[in-house]
1. Taking 0.36 nm per residue of separation and subtracting the Cα-Cα distance, what length does fully extending residue 38 through residue 25 add?
2. Any idea what angle helix 51-63 forms with the longest principal axis of the chain, computed on alpha-carbon atoms, 0 to 90 degrees, nearest 10?
3. Before rounding to the nearest 500, sum -39500 (n - 2.57) across all DSSP H runs of length at least 4 in the chain and divide by the residue total; then give [θ] at 222 nm in deg cm²/dmol.
4. Could you give the length gained on full extension between residue 15 and residue 52, defined as 0.36 nm per residue of separation minus the Cα-Cα distance, in nm?
5. Of the residues 64, 27, 49, which exhibits the maximal mean-square fluctuation in a Gaussian network model of the chain defined by a 10 Å Cα contact cut-off?
6. Run the Debye formula on the Cα coordinates of the chain, all scatterers equal and no solvent, and tell me log10 I(q)/I(0) at q = 0.12, 0.14, 0.23, 0.25 1/Å.
């Protein structure tokens, strides 16, 4: 049975994590920022290590879903 992505809120301090991501892009031009995002995505995808989970994450990111992630981004 394939694994299912967990979209429940699991980040203890989401504002701090968001700020960390924003700060990582400070001073970068668009190309360097896109390269940072690509590297970060590949590192996290490798950490996850499951193609089924990655496919579900891509689908949710592209097409949306009534998940906790969507609700957090909207607020």
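1. On the way: separation 13, 0.36 × 13 = 4.68 nm, distance 1.24 nm.
Between residue 38 and residue 25, full extension yields 3.4 nm more.
2. 70
3. On the way: 4 runs with 50 residues, N = 75.
The helix-only estimate for the chain comes to -21000 deg cm²/dmol at 222 nm.
4. Values: separation 37, 0.36 × 37 = 13.32 nm, distance 2.82 nm.
Separation in residues times 0.36 nm, less the Cα-Cα distance, equals 10.5 nm.
5. 27
6. -0.41, -0.57, -1.33, -1.36
A short reminder: the numbers here are calculations on the coordinates, not readings from a lab. These numbers were taken from a predicted model, which means no experiment stands behind them.
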